[in-house]
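**Q** Dumping the structure here so I can ask a few things about it.
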Amino acid sequence: MNKLNYIKLGWVKPIIIEKTKGITADALSKKRQRGQIIEETHWRKAADGVIYYNFEQLDEYLDHGH
């Protein structure tokens with residue numbers, strides 16, 4: 001039996017989401033502003049003000065809308 005290994009990416013910058021999922025940084029920002037994605041679940045702001053997105057939680061959002 002083949003066992004697949006996955007690497008959890010966790011919190012990543014918008015460019016990673018854009019390159020892998022096709023959602024632009026602008027679209028992510030709009031989803032944040034509209035409250036469509038949840039702070040500390042889908043996104044967070046680091047101490048230096050940079051916004052990060054949770055790679056795996058965004059999959060859940062895209063698949064199920066929550």
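Bear in mind that the values in this text are calculations on the coordinates, not laboratory data. Keep in mind that this is a model prediction, so the values were computed, not measured. In this analysis, Cβ positions are derived from the backbone assuming ideal geometry, glycine residues included, and neighbour counts consider all displayed protein chains.
**Q** Let's see if you can work this out: charge +1 on each Lys and Arg Cβ, -1 on each Asp and Glu Cβ, no other charges. What is the dipole magnitude of region 14-54 about its Cα centre, in debye to the nearest 20?
**A** Dipole of region 14-54, to the nearest 20 debye: 140 debye.
**Q** OK, next. Hey, if you put +1 on the Cβ of every Lys and Arg and -1 on every Asp and Glu Cβ in the chain, which of 41, 17, 5 ends up farthest toward the positive end of that dipole?
**A** Farthest towards the positive end: 17.
**Q** Take peptides 23-35, 51-63, 3-15 and line them up by average Cβ neighbours within 10 Å, highest first, as a rough protection proxy.
**A** Sorting 23-35, 51-63, 3-15 by mean packing, highest first, produces 51-63, 23-35, 3-15.
**Q** Taking the 0 to 90 degree range and rounding to the nearest ten, how far is the long axis of helix 55-64 tilted relative to the main principal axis of the chain, both from C-alpha atoms?
**A** Value to nearest ten degrees: 90.
**Q** Under 22 Å Cα-Cα from residue 13, which lysines qualify once same-chain neighbours fewer than 8 residues away are excluded?
**A** Partners within reach: 21, 30, 31, 45.
**Q** Only helical DSSP H runs with n ≥ 4 go in: add -39500 (n - 2.57) per run for the chain, normalise by residue count and round the 222 nm mean residue ellipticity to 500 deg cm²/dmol. The partial results should precede the final answer.
**A** Numbers: 3 runs with 27 residues, N = 66.
About -11500 deg cm²/dmol.
**Q** Tell me, what is the percent relative contact order of the chain, built from C-alpha pairs under 8 Å that lie six or more residues apart?
**A** Values: 60 pairs, mean separation 23.3, N = 66.
Computed value for the chain: 35 percent relative contact order.
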